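Below is one structure, written out as structure tokens, with a few remarks after it.
The values are calculated or read from the model by the stated rules, or taken from the named source; none is laboratory data. Bear in mind that the values here come from a model prediction, so they are computed numbers and not experimental data. Reconstructed Cβ throughout: ideal geometry from the backbone, glycine too, with neighbour counts over all protein chains shown. Please note that ligands, DNA and RNA were not included when accessible areas were found on the heavy atoms of the full protein model with its side chains. Shrake-Rupley method; radii C 1.70, N 1.55, O 1.52, S 1.80 Å.
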Amino acid sequence: MSKKLADIPVKVIPADGPDDEYEEIQLYAKHKKLYPRWINGFWNKWRIFFVFATQLFFYGMPWATINGRQALLFHLAEQKFYILGLVFLPQDFIYLTALLLMCALGLFVWTAIGGRLWCGYSCPQTVYTEIFLWIEKWVEGDRPARMKLDHGPLTARKVRLKTIKHAIWIVFALWTGFTFVGYFTPIRTLWAETITLTIGPWEAFWVLFYGFATYGNAGWLREQVCKYMCPYARFQSAMFDADTLVISYDAERGEQRGRRQKGCDYKAEGLGDCIDCTMCVQVCPVGIDIRDGLQYECIGCAACIDACDEVMDKVGYPRGLIRYTSDNALQHKYTERDIIKRITRPRVVMYSLVLLIAMGATATALVLRQPIKVNVSRDRVALVREADNGWLENSYRLQIENADEAPHSYKVSVEGLPGVKWIMEGGEHVKVTPDAPVDVGIRVQADPANAGPGSHPIQFVIQAEDDPKLVTHEKSSFIGR
Ligand code: SF4
Ligand code: SF4
């Protein structure tokens, strides 16, 4: 009989065994559905807080308006980013790069200090899995009820509960997809088009795509995304050191684990504080046993801390058998104060310094940024011609765009050549509304005595008449003869 490739065992030499002895292992493990148990506790409250804080922002922000426009809109069709009253154009891509850089540096700092805080509390995969688990628990019950339902026969009740759960999941996922697309196209228009079924094909595709991704990742794949798909789980160890806070089981205190009679002298029986109740495993959303040591699958959600603390309270042992600690703290028995002192170690200080420099530079650039964009292009057909007055003339087109949400009237002047003159198409003043750039032609004339053969640097000065501080200088060149 032929065997499936995945079923064929592989021979390996155990790391701690002699070289001529092999051990057979299976490379394929069938996925087992997890049924994380609900747990209350200190860290769970923080998780709930972060779920609400992040989701309030995510679902609420696209509906907020500033100056009558969506406060946060990455308008792909217009190629403009509207961020809290500021308008960013494709030329401002550097700010997006700076923002991404700061996010990455912030993640480095937090990871170096507190390990997988991002994964445990704010990562969309964790947050949506948590929400989907709440819905599942609300409809089907906690772990034992869900296991019983799944392993039981197909009854009308089972079909009803599963239908309700999936219906709520799908509605929630579609709303998430809709909100996500609402960051890239005006959400109020998108909503009006959705309810009148006039939504465009691309918008509909992306709403369904992100809705399906949310439903699939948070409802079905769950911990498998963290274990097998997320690259961050793999490279985060580069930011860890022996003083990084990780969630650890205190093996010295917990072992020898085992069940015991209530009130017995367990230490005399050679037992540690772990009563082997497996609650820490039952609450784990990735299905690992933290008592086996730090594992890359651990997302740092701290559910096992809450579970174990509850058990410790019940049996009357001190809390903290599983806790936030560091490798060094466990090894050298550091106090909390020692652990806190080690936060300001060179790696963290260096990451923080680079982050502060990046933040300072970006903030300065934003403050100095002039909310006006000008693009100068010259007439390439006739680089230089002779005007009626005998002067040399070059023609240019100026594209002037407001990068704030106010209309402005601009005055244009030219500097750089002695006695230079200019003639604007449509008059001296250029009126620009917030919505669209204005394209205007300008002819620049120079005395041939001052503009010999070759290129002469000049600059266009564009200044708002209602706000003299709103001014920009655009460099260009005048071709002489
Ligand atoms: S081991 Fe603990 S902290 Fe890690 S994922 Fe499981 S429950 Fe969360
Ligand atoms: S919850 Fe605590 S006591 Fe129970 S098995 Fe886990 S570590 Fe041991």
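Miscellaneous remarks
- Among (1) within 30 Å of Pro434 (Cβ to Cβ); (2) surrounded by 12 or more Cβ atoms within 10 Å (Cβ to Cβ), the one test that Gly114 misses: (1)
- Segments classed as helices (runs of 4 or more DSSP H), wholly inside segment 135-206, with at least 1 members that are over 25 Å from Val283 (Cα atoms): 156-181, 187-195
- Selection within segment 91-106 - more than 30 Å from Val376 (Cα to Cα) and in contact (Cβ under 8 Å) with a residue 12 or more places away in the chain: Leu101, Met102, Leu105, Gly106
- Matching option when the condition is modelled with pLDDT under 90 and over 25 Å from Gln79 (Cα atoms), among Arg443, Arg481, Arg369: Arg481
- Checking Arg347, Arg337, Arg342 one by one, the residue that is exposed (fewer than 13 other Cβ atoms within 10 Å of the Cβ), assigned by TED's automatic domain parsing to the domain that holds Gln261 and either of a type in the set (Asp, Glu) or away from ligand 2 (no atom under 16 Å from the Cβ) (or both) is Arg337 and no other.
Here's the yes/no breakdown for (1) open to solvent by 40 Å² or more (accessible area, probe 1.4 Å); (2) farther than 24 Å from Cys103 by Cα; (3) touching a helix residue (DSSP H, G or I) at 6+ places or on another chain (Cβ under 7 Å):
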residue: Thr364; (1), (2), (3): yes, no, no
residue: Ala382; (1), (2), (3): no, yes, no
residue: Ser395; (1), (2), (3): no, yes, no
residue: Glu401; (1), (2), (3): no, yes, no
residue: Gly426; (1), (2), (3): yes, yes, no
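- Residue among Cys277, Cys284 that alone is under 25 Å from Met147 (Cβ atoms), modelled with pLDDT of 95 or more and more than 14 Å from ligand 1 (Cβ to nearest atom): Cys277
- Selected residue [closer than 30 Å to Trp63 by Cα and either surrounded by fewer than 19 Cβ atoms within 10 Å (Cβ to Cβ) or not β-branched (Val, Ile, Thr) (or both)] from Ala167, Ala145: Ala167
- Check on Asp292, among the acidic types (Asp, Glu) and crowded, with 21+ Cβ neighbours inside 10 Å: no
- For beta carbons closer than 8 Å, sequence separation of 6+ or different chains, a first residue in segment 108-136 that is on the phi > 0 side of the Ramachandran plot and a second that is open to solvent by 30 Å² or more (accessible area, probe 1.4 Å) and assigned to a loop (DSSP other than H, G, I, E, B), the qualifying pairs are Gly115/Phe240; Gly115/Leu245.
- Residue match in segment 292-306 (condition: assigned by TED's automatic domain parsing to the domain that holds Ile131 and over 29 Å from His31 (Cβ atoms)): no
- For Tyr410, the requirement of being among the aromatic types (Phe, Trp, Tyr), farther than 30 Å from Asn67 by Cα, open to solvent by less than 30 Å² (accessible area, probe 1.4 Å) and not assigned by TED's automatic domain parsing to the domain that holds Gln70 is not met.
- Segment 235-255 - residue that is part of a loop (DSSP other than H, G, I, E, B) and closer than 22 Å to Asp313 by Cβ and, of those, farthest from ligand 1 (Cβ to nearest atom): Glu255
- Residue within segment 90-112 that is assigned by TED's automatic domain parsing to the domain that holds Tyr296 and either touching a His at 6+ places or on another chain (Cβ under 8 Å) or not in a helix (DSSP H, G or I) (or both) present: no
- Residue within segment 319-328 that is near ligand 2 (Cβ under 10 Å from one of its atoms) and polar (S, T, N, Q) present: no
- Any hit, segment 28-35, residues being hydrophobic (A, V, I, L, M, F, W, C) and not in a loop (DSSP other than H, G, I, E, B): no
- Leu76 vs. criteria open to solvent by 20 Å² or more (accessible area, probe 1.4 Å) and within 30 Å of Pro346 (Cβ to Cβ): no
Residue-wise test of (1) open to solvent by less than 50 Å² (accessible area, probe 1.4 Å); (2) over 25 Å from Thr214 (Cα atoms).
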{"site": "Phe50", "(1), (2)": "no, no"}
{"site": "Thr54", "(1), (2)": "yes, no"}
{"site": "Phe58", "(1), (2)": "yes, no"}
{"site": "Phe93", "(1), (2)": "no, yes"}
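- Selection status of Asn44, assigned by TED's automatic domain parsing to the domain that holds Leu353 and open to solvent by 90 Å² or more (accessible area, probe 1.4 Å): no
- Positions within segment 254-280 being open to solvent by less than 60 Å² (accessible area, probe 1.4 Å) and on the phi < 0 side of the Ramachandran plot, in sequence order: Gly254, Arg260, Cys264, Tyr266, Leu271, Gly272, Asp273, Cys274, Ile275, Cys277, Met279, Cys280
- Any hit, segment 308-321, residues being hydroxyl-bearing (Ser, Thr, Tyr), over 18 Å from Lys227 (Cα atoms), without any contact (Cβ under 8 Å) to a residue 12 or more places away in the chain and surrounded by 15 or more Cβ atoms within 10 Å (Cβ to Cβ): no
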